[in-house]
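A.B. asks: I am attaching a structure below and will ask some questions about it afterwards.
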Amino acid sequence: AELLYNAETGLGMNIARYNIGGGDDPTHHHITRTDSMMPGFWRLDEETGEHIFDGTQDENQRNVLLRAMAQCGSSFIAEAFSNSPPYYMTESGCSSGANSASADNLRSDQVDAFAQYLAQVALYYQEHYGITFQSISPMNEPNTAYWEAFSPKQEGCHVSSGERQSTLLLATQKALEDVGLGDILLAGTDETSTVAAGNSFKKLSDDAKAILDRIDTHSYKIGKMEELQALAVEHGKNLWMSEVDGDMVLGKNSGEMGAGLWLANKMISDIQSLMPSAWILWQGIDNHISVDGYMGNQDFGMPDLSRGYWGLTVVDHDKQEILLTKKYYAFGQLSRYIRPGYQILTTTDQGILAAYSQEDHRLVIVAVNVEETDVEAGFSLAGFRFGGGTAQVIRTSVNENWAQLPQIPVQSDMLRATLAPYSITTFLVDNITLP
């Protein structure tokens, strides 16, 4: 939690997406990822056969959530989302999807019950753990063919765009209001791509559009990003890029730095094109090393850091160590300096992200160089009032992690710098104001 959420020593994340697990049939043993076997908030009464709500479930994920919240303090934002309803509310009887991956798995007669289930979890967490979810998204990548019964991956549930998604959103809103949590924002629909997110929103009923407070989109596949941003503005909706990661690299001979370059470039391009109010990674920890595994399952172990991988860190459970990767340091080149409340500025070049704080009178510029040679860069500050001085320089490169470099002068409304090969450089210009 300190490594990811502490603003002074870690990455300074302040948002956590909490997965309200459905819980699979206890006789199923097909989900083999050690971090994907989600407990459901219910227990089976052996005598009556009824499923009884049990808010004490999911201790491990809740522990992480509470630790993250403690690191952030008042800036912490928690969003609850669901990959699947409990198995007994599904068509297939399995929480990893329907028998056909393109078929809806939430039974039509269980929509209200599922919505009430989500509301119960939110209420229990508020009353018993002091966790108030800012928002709830009742579906995750719903209009895709990713989720199939007896999959080894994770829970998932296809929910068709249009009527089915609208019905679930309306039911969730009503369930929240019924338990006195009508102030929780309703988010959705967390489609896997920006194109699908726009299409799903357009197909919602007028009533569903009206109650949806925020459009959540993933950016695993991109397209029509400016159109989605304009759609959110047109309808007065907040917009999040709520999930993405990948195992790609940039830079022909960049070695382990390649994954960091890809991540920084992805963050910058998404933010420039989509202009979301938040950008959220899928999982800070995605790879695990453990001889014994967990609950009978094994992970892939240490990834080849030069070939790309998911997550920012690798956890060695045998040695009780967390290994920080170049993606970790790449993420921090943005997150440690572009803080909540900063305004993203328009830039003319790809690979450059700029943000300004009126309160702190600070301009932050992040520049990515994916080339194997130095690149000379110049940043015009003509739109600001600056009396002169220097800029702080922080860099992550092949041989550096958050290296504090000598400050450089800012002259004639221009910041000029040399970007090292395969590097991510953050420039901090203080005591600068807008006229």
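The values are calculated or read from the model by the stated rules, or taken from the named source; none is laboratory data. Everything numeric in this text was worked out from a predicted model, so none of it was measured. Here the Cβ is made from the backbone with ideal geometry for all residues, glycine too, and neighbour counts use every protein chain on show. What goes into the accessible areas is simple: the full protein's heavy atoms, side chains included, and nothing from ligands, DNA or RNA. Shrake-Rupley method; radii C 1.70, N 1.55, O 1.52, S 1.80 Å.
A.B. asks: First select every other residue whose beta carbon is under 13 angstrom from the beta carbon of Gly223; then total the charges, Lys and Arg +1, Asp and Glu -1. Spell out each step's value before the answer.
C.D. replies: Numbers: positive: Lys221, Lys224; negative: Glu191, Glu226, Glu227, Asp270.
Taking every other residue near Gly223 into account, the sum is -2.
A.B. asks: Considering only Leu261, Leu405, Leu419, give the residue with the highest GNM mean-square fluctuation for the chain, with springs between Cα atoms whenever their separation is below 10 Å.
C.D. replies: Leu405
A.B. asks: In vacuum, with every alpha carbon of the range 150-194 counted as one equal point scatterer, what does the Debye formula give for log10 I(q)/I(0) at q = 0.21 Å⁻¹? Two decimals, please.
C.D. replies: Here log10 of I(q) over I(0) equals -0.84.
A.B. asks: Next up: Around Gln333, under 12 Å between beta carbons, what's the net of Lys plus Arg minus Asp minus Glu among the other residues?
C.D. replies: Every neighbour counted, the sum reads +3.
A.B. asks: When all C-alpha to C-alpha distances in the range 42-116 are sorted into bins of 5 Å, what percent of pairs does each bin hold, rounded to whole numbers?
C.D. replies: 3, 13, 16, 20, 16, 14, 10, 6, 2, 0
A.B. asks: If N is the number of residues in the range 154-297, what value comes out of its Cα radius of gyration divided by 2.2 N^0.38 Å? Provide the component values of the computation, followed by the final result.
C.D. replies: On the way: Rg = 18.0 Å, N = 144, 2.2 N^0.38 = 14.5 Å.
Taking the Cα Rg and dividing by 2.2 N^0.38 Å, one obtains 1.24.
A.B. asks: Would you report the distance distribution of C-alpha pairs in the range 335-378 as whole percents per 5 angstrom bin, up to the bin with the largest distance?
C.D. replies: 5, 21, 28, 19, 15, 8, 4, 1
A.B. asks: In the range 96-176, carbon and sulfur make up what percent of the accessible area (probe 1.4 Å)?
C.D. replies: The computed percentage sits at 47.
A.B. asks: Two decimals is fine: what's Rg over Rh for the chain, C-alpha atoms, Kirkwood radius as Rh?
C.D. replies: Dividing the radius of gyration by the Kirkwood radius yields 0.99.
A.B. asks: How are the alpha carbon pair distances in the range 1-129 distributed across 10 Å bins from zero to the largest one, expressed in percent?
C.D. replies: 12, 38, 31, 15, 4, 0
A.B. asks: Just the accessible area per residue of the range 16-130, please: how many Å² with a 1.4 Å probe?
C.D. replies: 44
A.B. asks: What fraction of the Cα pairs in the range 343-425, stated in percent, has a spacing above 22 angstrom?
C.D. replies: The proportion of pairs with Cα distances above 22 Å equals 23 percent.
A.B. asks: For the chain, modelled as a GNM with alpha-carbon contacts under 10 angstrom, which of Gly383, Gly97, Gly284 fluctuates the most?
C.D. replies: Of the options given, Gly383 has the highest mean-square fluctuation.
A.B. asks: Right, next: Under 4 °C and 1.567 mPa s, how fast does the range 287-435 diffuse according to Stokes-Einstein, given a Kirkwood radius computed over C-alpha pairs? Answer in µm²/s, whole number.
C.D. replies: Stokes-Einstein gives a translational diffusion coefficient of 75 µm²/s.
A.B. asks: Between Rg and the Kirkwood Rh of the range 21-62, both from Cα atoms, what is the Rg to Rh ratio? Display every interim value, and only then the final one.
C.D. replies: Working: Rg = 11.2 Å, Rh = 11.3 Å.
When Rh is taken as the Kirkwood radius, the ratio is 0.99.
A.B. asks: Using Cα pairs closer than 8 Å and at least 6 residues apart in sequence, work out the relative contact order for the chain, in percent.
C.D. replies: 11
A.B. asks: I need the Debye-formula profile for the range 250-367: one equal scatterer per C-alpha, no solvent, reported as log10 I(q)/I(0) at q = 0.20 1/Å, two decimals.
C.D. replies: -1.07
A.B. asks: Can you tell me the alpha carbon radius of gyration of the range 131-228 divided by the globular rule-of-thumb value 2.2 N^0.38 Å?
C.D. replies: 1.09
A.B. asks: Further, regarding this structure: Given the options Gly162, Gly49, Gly22, state which has the largest fluctuation in a GNM of the chain using a 10 Å cut-off (strictly under) for Cα springs.
C.D. replies: Top of the fluctuation ranking is Gly49.
A.B. asks: Roughly to the nearest percent, how much of the accessible area of the range 1-78 is carbon and sulfur, given a 1.4 Å probe?
C.D. replies: 48
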